[in-house]
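The values are calculated or read from the model by the stated rules, or taken from the named source; none is laboratory data. The structure presented is a predicted model; accordingly, all values stated were derived computationally and were not measured. A quick note on method: Cβ atoms are made from the backbone with ideal geometry, for glycine too, and the neighbour counts reach across all protein chains shown.
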Amino acid sequence: MLSRICVVDGQGGGIGATLIKSIKAEYGETIELIALGTNAIATTQMLNAGANKGASGENAICRTVARVDCVVGPIAITWANAMLGEVTPKMAAAVMSSPAVKLLVPLAQEKAEVVGWVKEPLPHLVEAAVQRIKEVMQHV
């Protein structure tokens, strides 16, 4: 059975699309890569980047994150009302309640800061995320 990784993103889906391109480059078709967007635009961007399938909205996110091996996305997917309100409290709770491993990229537009992380450009963060996915998926 293929391992299942989902990438969750919102707004324009740029972070998710960048993650998917890199994950796809590393794994090809050896995993099932699922795009979950808080909106249809984000999902479309991630599908165009190479996700195997995708869905949009609260119900899709809440149901799917409970059935995958790994959830990847910006840290804001765990914060209620983040991304200009696109991340609903139910979505954030579903992500954090998922039994999947969660790998969160430290990018957010909210007025919240996690002290101690080093600000890096998106390509560096994606590279680190893909490396961590490789490590984690060996144990799934």
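Residue by residue through segment 31-56, note down the ones that are over 11 Å from VAL7 (Cβ atoms), of a type outside the set (Ser, Thr, Tyr) and either surrounded by 19 or more Cβ atoms within 10 Å (Cβ to Cβ) or touching a Lys or Arg at 6+ places or on another chain (Cβ under 6 Å) (or both).
ILE31, GLU32
List the number of the failed condition for ASN39; all other conditions in (1) more than 14 Å from the chain's Cα centre (by Cα); (2) over 25 Å from VAL140 (Cβ atoms) hold.
Looking at each condition in turn, ASN39 falls short on (1).
Hey, among the residues in segment 57-75 that are in contact (Cβ under 8 Å) with a residue 40 or more places away in the chain and either in a helix (DSSP H, G or I) or among the acidic types (Asp, Glu) (or both), which one's surrounded by the most Cβ atoms within 10 Å (Cβ to Cβ)?
Residue satisfying both the conditions and the ranking: ILE61.
What single numbered condition from (1) under 20 Å from VAL140 (Cα atoms); (2) surrounded by fewer than 18 Cβ atoms within 10 Å (Cβ to Cβ) fails to hold for VAL8?
Every condition holds for VAL8 apart from (2).
Among the numbered conditions (1) buried (at least 17 other Cβ atoms within 10 Å of the Cβ); (2) at pLDDT 95 or above, tell me where MET83 comes up short.
Answer for MET83: the failing condition is (2).
With the condition kept exactly as written, say whether any residue in segment 17-24 is outside any helix (DSSP H, G or I), among the β-branched types (Val, Ile, Thr), surrounded by 16 or more Cβ atoms within 10 Å (Cβ to Cβ) and touching a strand residue (DSSP E or B) at 6+ places or on another chain (Cβ under 8 Å).
No: segment 17-24 contains no residue that is outside any helix (DSSP H, G or I), among the β-branched types (Val, Ile, Thr), surrounded by 16 or more Cβ atoms within 10 Å (Cβ to Cβ) and touching a strand residue (DSSP E or B) at 6+ places or on another chain (Cβ under 8 Å).
Suppose we filter segment 1-16 for residues that are touching a strand residue (DSSP E or B) at 6+ places or on another chain (Cβ under 7 Å) and either touching a residue at least 60 places away in the same chain (Cβ under 8 Å) or not in a helix (DSSP H, G or I) (or both); how many remain?
Residues flagged as touching a strand residue (DSSP E or B) at 6+ places or on another chain (Cβ under 7 Å) and either touching a residue at least 60 places away in the same chain (Cβ under 8 Å) or not in a helix (DSSP H, G or I) (or both) within segment 1-16 amount to 11.
Out of the residues in segment 87-127 that are among the β-branched types (Val, Ile, Thr) and crowded, with 17+ Cβ neighbours inside 10 Å, state the one that is farthest from SER22 (Cα to Cα).
My answer is THR88.
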